[in-house]
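Take a look at the structure set out below.
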Amino acid sequence: MATSQPTTHAAKGEPILKLRGVSKQFGAVSALTDIDLDINAGEVVALVGDNGAGKSTLVKVLAGVHQPTAGSIEFMGQPVTLDSPGKALEMGIATVFQDLALCENLDVVANLFLGHELKPWALDEVQMEVRAWTLLRELAARIPSVREPIASLSGGQRQTVAIARSLLLDPKIIMLDEPTAALGVAQTAEVLNLIERVRDRGHGVVLISHNMEDVRAVADRIVVLRLGRNNGIFTAETSNSELVAAITGATENAVSRRRARKEELEQPA
Ligand SMILES: Nc1ncnc2c1ncn2[C@@H]1O[C@H](COP(=O)(O)OP(=O)(O)O)[C@@H](O)[C@H]1O
Ligand SMILES: [Mg+2]
């Protein structure tokens, strides 16, 4: 009997992904410089920063879309090369991109299994429906019927379906790009609850968000990027003004100050 129970998750707090000194150049543009990032099992890491800070580039590096130009990535203790989206997914790094990529005219079950047709358990309609229900119930998702077409669902419900779809592959890490950006208050709360349930199943969650209230509500750690560099790691207890200062550059951490100073000295006169 197929179930949606996770089988291979790391224990809570166990390191899943370790980035060290990761950089990404696009020609002359340094989108990421010397990024360190740890993602552990059963934790929500929020990735915040102003437009152009490098959040999407970092997610694309982890999703196997972009190759870093320097640095190392360790997954479950092993050095890895994420050289294609398929490889990242297979390894257990799932991404819910902002556009969700759901099919409006298909129902919830069909959308959940879209692209997973090659899995043996995805061939049987009854099994797929049972599996869909089991997973959605476990996530306490408020979806009236799994035979409902996506077109008739709310924004929060669509986000839920997109997140549930990536959980079917039982990833170690799930990255969510602005999952609440288009949602009202009640639907945002629904998605934040869902994120907590996903974390409690033992997945490592990377949450990109512009909304500091959302971030503070669910994040175990808040990682600030500024101009492609690490600019501090904070907790949910950090004040809004402190976070905003790190995001806008009113405060820069000692490392980036030293680096900026060094670069200044190295500038040809
Ligand atoms: N494919 C690309 N080619 C050239 N420059 C890029 C590309 N993708 C991102 N950049 C640049 O990298 C920097 C970081 O962008 P991005 O990762 O999209 O930031 P964020 O998601 O935090 O807004 C920006 O200066 C952006 O213009
Ligand atoms: Mg972006």
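Every read-out reported here was derived from the displayed coordinates using simple, explicitly stated rules and does not represent laboratory data. In this text the structure is predicted, and so the values were computed from the model without any measurement. Positions of Cβ are generated from backbone atoms using ideal geometry, with glycine treated the same way; all protein chains shown enter the neighbour counts.
Tabulated data
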| item | result |
| --- | --- |
| Full-stretch length increase - GLU213, ASP200 - with 0.36 nm per residue and alpha-carbon distance subtracted | 2.6 nm |
| Residue order, fewest to most beta carbons within 10 Å, for ILE150, ILE222 | ILE150, ILE222 |
| Farthest toward positive dipole pole in the chain [+1 Lys/Arg, -1 Asp/Glu at C-beta], among ASN211, SER72, LEU136 | SER72 |
| Using a Förster distance of 22 Å, the FRET efficiency for ASP220-GLU14 (Cβ separation, nearest 0.05) | 0.95 |
| Between helix 185-200 and the chain: long-axis angle, C-alpha atoms, 0 to 90°, nearest 10 | 90 |
| Under 27 Å from the Cα of LYS87 - lysines, other chains or at least 8 residues apart | LYS12, LYS18, LYS24, LYS55, LYS60, LYS119, LYS172 |
| Order of HIS116, HIS66 under a 10 Å beta carbon neighbour criterion, fewest first | HIS116, HIS66 |
| Value of [θ]222 nm, deg cm²/dmol, for the chain, DSSP H segments ≥ 4, -39500 (n - 2.57) each, nearest 500 | -10500 deg cm²/dmol |
| Charge-dipole axis of the chain as Lys and Arg at +1 and Asp and Glu at -1 on Cβ define it, positive-most pick from ILE173, VAL108, GLN159 | ILE173 |
| Largest to smallest principal axis extent of the C-alpha atoms in the chain, angstrom | 71, 38, 34 |
| Two-site label geometry, GLU237 and GLU266: point separation in nm, points 7 Å out along Cα→Cβ | 3.7 |
| Estimated inter-spin distance, VAL29 and VAL65, nm [label 7 Å along Cα→Cβ] | 1.3 |
| Computed over the chain: relative contact order in percent, which uses C-alpha pairs under 8 Å that are six or more apart | 25 |
| GNM result for the chain, Cα springs below 10 Å: residue of GLY115, GLY202, GLY249 fluctuating most strongly | GLY115 |
| Helix axis angle, 254-266 relative to the chain longest principal axis, alpha carbon, degrees | 50 |
| R0 of 22 Å, Cβ-Cβ distance CYS103-ALA140: FRET efficiency to nearest 0.05 | 0.35 |
| Protection proxy ranking of 30-42, 76-88, 93-105 - average other beta-carbon atoms within 10 Å, highest first | 30-42, 93-105, 76-88 |
| Least to most buried among HIS210, HIS203 (fewest other Cβ within 10 Å first) | HIS210, HIS203 |
